[in-house]
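I have placed the structure first, in the form of structure tokens, so that the comments after it can refer back to it.
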Amino acid sequence: MTAKKAIEFLRMHFEYLKERWKPYPDYNVLEAIRFAISAIEKQIPKKVQLRHVRKFDGFDDGECPTCGQSVSRDCDGADNFCSDCGQKLDWSDTE
């Protein structure tokens, strides 16, 4: 199952349960589904909005597409996640 299929599946069940679920006081399945969807969405790479590429210091700088925080990576490309929100980042030059 792909991440996108998992999100689709969880959203479908979320909508179904939202209308029918009477949560127990200590157990909120709807909140757990929302949390799971959010976590899976962050595993799907999103394009970084680049500010400058490989300046003299050897770093690429940009902005996280999810939270807007500054992100950077060394030329080896090791920084694949936003350190603030955990979004997986796509540093590629192609659209």
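For region 25-64, how many residues meet the condition of being over 19 Å from Glu8 (Cβ atoms), at pLDDT 85 or above and part of a loop (DSSP other than H, G, I, E, B)?
The number of residues fulfilling the criteria is 2.
Go through (1) open to solvent by 50 Å² or more (accessible area, probe 1.4 Å); (2) of a type outside the set (Gly, Ala, Ser); (3) in contact with a Lys or Arg (Cβ under 6 Å, 6 or more places away or on another chain); (4) at pLDDT 90 or above one by one and return the number of the condition Gln87 breaks.
Of the numbered conditions (1) open to solvent by 50 Å² or more (accessible area, probe 1.4 Å); (2) of a type outside the set (Gly, Ala, Ser); (3) in contact with a Lys or Arg (Cβ under 6 Å, 6 or more places away or on another chain); (4) at pLDDT 90 or above, the odd one out for Gln87 is (1).
Can you spot a residue in region 65-79 that is modelled with pLDDT of 85 or more, touching a Phe, Trp or Tyr at 6+ places or on another chain (Cβ under 8 Å) and either part of a helix (DSSP H, G or I) or of a type in the set (A, V, I, L, M, F, W, C) (or both)?
Looking only at region 65-79, we keep the residues that are modelled with pLDDT of 85 or more, and these are 65-71.
Remaining after also requiring touching a Phe, Trp or Tyr at 6+ places or on another chain (Cβ under 8 Å): none.
Checking region 65-79: not a single residue is modelled with pLDDT of 85 or more, touching a Phe, Trp or Tyr at 6+ places or on another chain (Cβ under 8 Å) and either part of a helix (DSSP H, G or I) or of a type in the set (A, V, I, L, M, F, W, C) (or both).
Looking at the structure I just gave you, is Lys22 open to solvent by 100 Å² or more (accessible area, probe 1.4 Å) and either modelled with pLDDT of 90 or more or assigned to a helix (DSSP H, G or I) (or both)?
Details: open to solvent by 100 Å² or more (accessible area, probe 1.4 Å): yes; either modelled with pLDDT of 90 or more or assigned to a helix (DSSP H, G or I) (or both): no.
So Lys22 fails the test.
The values are calculated or read from the model by the stated rules, or taken from the named source; none is laboratory data. Remember, it's a predicted structure, so these values are computed and weren't measured experimentally. Cβ atoms come from the backbone with ideal geometry, glycine included; neighbour counts cover every protein chain shown. Only protein heavy atoms, including side chains, enter the accessible area calculation; ligands, DNA and RNA are left aside. Shrake-Rupley method; radii C 1.70, N 1.55, O 1.52, S 1.80 Å.
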